[in-house]
Structures are given as C-alpha cells and as structure tokens.
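Enquirer: Got a structure for you, questions after.
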C-alpha cells in the first residue's frame, strides 16, 4: 500500500511538472496581430505559412483579421489595433507624405503583380481591352492599388478613364461583386476566389488578368510602424522567416498541392476552385519568390500612382522600405 501511495505521489508530481513545461512552451509563442487587406487566394503564401505551421515554428501565435481595404488596414495599424498590416505599399506612402511621425515601414513583399481579374457578364474568349470602350467598369476605391493599376493598364492601352470608359470608384471593395451581380456595371475587377465563384454560378466570367497586363508591381507587402519595428526586431525577423518559408513552399508546389494547403483558410471553397485559382496565379507569376522589396519596384509603384493622379510628391525608398529582415531570412533559411 505504501509503495502504491508513493507511486501515485510520484506520478502526480511528474504530471504537474510536465503540465508546467507544456505551459512554458505555449507561453513562448509571441502573439502577433496581423490585419490583411482582404481574404484572397492571391495571398496563398501567407495561408500556407499559417496552415503548414511555419509561424508556430518561428514561435509566433498569429491572430489574423481582415480589414477590407488598405485604408482600413492602415487605420488599424496606426491606432494600435494591429501589430502588422498586410496591404498595398501605396498606403505607407500616403501616410508618410501626410507628415505622420511614426509612419509605417514596409519590410516584406508577398505579391509582385495585381491579383485582380476583369470579369464580364458573358464569356468572351476573344476579349480585347478595346471592348471596354463605352462601357462601365466597377474599379474599386479611389487611391487604392486595384483602381490605380486598372487605370494604368487602360491608359497604356490608349483608353482614357472618364472619357472612353466609365470607371466607378464609389463602391466599397467588399461590395463590388454584389453590386455587379445586382446589375451595376458591364465589368468588374475581382480577386479570387470571388471571381471563380461568380463563374461557377454563371453570373460573371473572367476575361482578362489585370496583373498580367500591368507588369510587375509591389502589390501587397507587410508593414509595421517604425516604433514597433524598433522595439520588436526579433519578432519582425521571425515573422519574415515564416513568410519566406511560405513563399518557398508555394514556389516548389503544384496548384493542386497549394489548393490542399490553403483549404483550411477557405472552408467555403471547393478543392476544384482553389486548384483552378492557384493555377491562374501561378500562370501570371503573381507571387514574389522572396520577401525582398527592391527600389526599382518601389519607384515603379510611384510611377503608377503618379499616372493615376494620386501622388503629388514621391516618397524616399530608404525611409519606407527595409530589407534587413528579408535578407537575413534568405541567408539563414536554406
């Protein structure tokens, strides 16, 4: 009886000790609040990093929320409701040029093209951009990357928004698909898997890729306030490492493998749709293969903003972009 009692006491001590160790392991995870501009397969490397456990591997407990627009993501970032913002870098330029002292700095790039597709009401395998002349396109929020890139493409085609084609800018980003299916406009620009969902129900059909026409642009990046980065360099580094692991995984995987990896992030989408969408983004080379944000791409972004009439003063690359975390991730992760 005494031996049994001693054994039970020992077992209890071991159980408490193991529980304590497990608790310590959990507490080592750093909570990071990430606010994304929208929820799209376009950001597959991010969801791969989440679902493949790369953030946990780097000691990060990621809390993901969706802002529905770069302006809303930036508001969350500057108000302290988010630690890291995932959005178009144009938002960081606007904030810097407004004189914000604790401005947002871009530290890792995820996509290198516009991820939206032009959707028409009927299938058009022989689509030509001249067909939008005299029509109406739901284009997105004024000053946002989707609209600016669309207008950049139109102007390069010799089609002037406001003259040759009407581009609607008064419909909120999250409501664009609903407005289109409700009868507004002849065309709409949509991200995936929303565009594919409209195709599935027969209410819209992809006729062109805006990103394929626009060329490479630093479309979506990760940003944090200058003060936050100065206070949390180790966390920013670990976050960048996880992103780079996700980028490498996507670069080395098939659309079918990508679809399976991101399915937990898109529970309402079928494997078939996710595979088709992943292939679309693979085909247009939408995803950056590393987090490096080059000066050339930053200046090209400002060219697009100037063409759209949204930039009065160019912002300095050395102030708004840092590659120290991206370079270290590439150097250390083999």
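Enquirer: Obtain the nm distance between the two label points defined at residue 256 and residue 133 by a simple spin-label model: each point lies 7 Å from its Cα along the Cα-to-C-beta direction.
Expert: 4.5
Enquirer: For q values of 0.13, 0.14, 0.16, 0.22 Å⁻¹, compute log₁₀ I(q)/I(0) with the Debye formula on a Cα-only model of the range 187-334, without solvent.
Expert: Values returned for q = 0.13, 0.14, 0.16, 0.22 Å⁻¹ are -0.77, -0.88, -1.08, -1.35.
Enquirer: Which value at 222 nm does the chain reach when only helices count, each DSSP H run of 4 or more adding -39,500 (n - 2.57), with the total divided by all residues and rounded to the nearest 500 deg cm²/dmol? Show your work: numbers first, answer last.
Expert: Numbers: 16 runs with 158 residues, N = 334.
Computed ellipticity for the chain at 222 nm equals -14000 deg cm²/dmol.
Enquirer: Using 12 Å as the cut-off for backbone N distance, which residues of the range 78-109 belong to the label zone defined by a point 7 Å from the Cα of residue 312 along Cα→Cβ?
Expert: 97-99
Enquirer: First check a/c for the range 93-162, with a ≥ b ≥ c the square roots of the eigenvalues of its C-alpha gyration tensor; if it is under 1.5, answer rounded, and if not, answer prolate when a/b is larger than b/c or oblate otherwise.
Expert: Working: a/c = 3.08, a/b = 2.12, b/c = 1.45.
In terms of gyration-tensor shape, prolate.
Enquirer: Most fluctuating residue of 200, 245, 118 in a GNM of the chain with Cα springs under 10 Å: which is it?
Expert: Sorting by GNM fluctuation, first place goes to 200.
Enquirer: At residue 279 and residue 331, where each label point lies 7 Å from the Cα along Cα→Cβ, what is the point-to-point distance in nanometres?
Expert: So the two model labels end up 4.1 nm from each other.
Enquirer: Here is a further query. Compute and list, largest first, the equivalent-ellipsoid semi-axes of the range 117-214 from the alpha carbon gyration tensor, each √(5λ) rounded to a whole angstrom. Each step should come with its number before you reach the end.
Expert: Working: eigenvalues 69, 46, 31 Å².
Whole-Å semi-axes of the equivalent ellipsoid: 19, 15, 12.
Enquirer: Label-point separation (nm) for residue 57 and residue 319, each offset 7 Å from Cα along Cα-to-Cβ?
Expert: Result for the modelled spin labels: 3.8 nm.
Enquirer: How much length is gained on full extension from residue 268 to residue 234, taking 0.36 nm per residue of separation minus their Cα-Cα distance?
Expert: Details: separation 34, 0.36 × 34 = 12.24 nm, distance 3.55 nm.
Result: 8.7 nm gained on full extension.
None of the figures in this text is laboratory data; all of them are computed from the coordinates on show. These numbers were taken from a predicted model, which means no experiment stands behind them. So basically every Cβ, Gly included, is an ideal-geometry build from the backbone, and we count neighbours across all protein chains shown.
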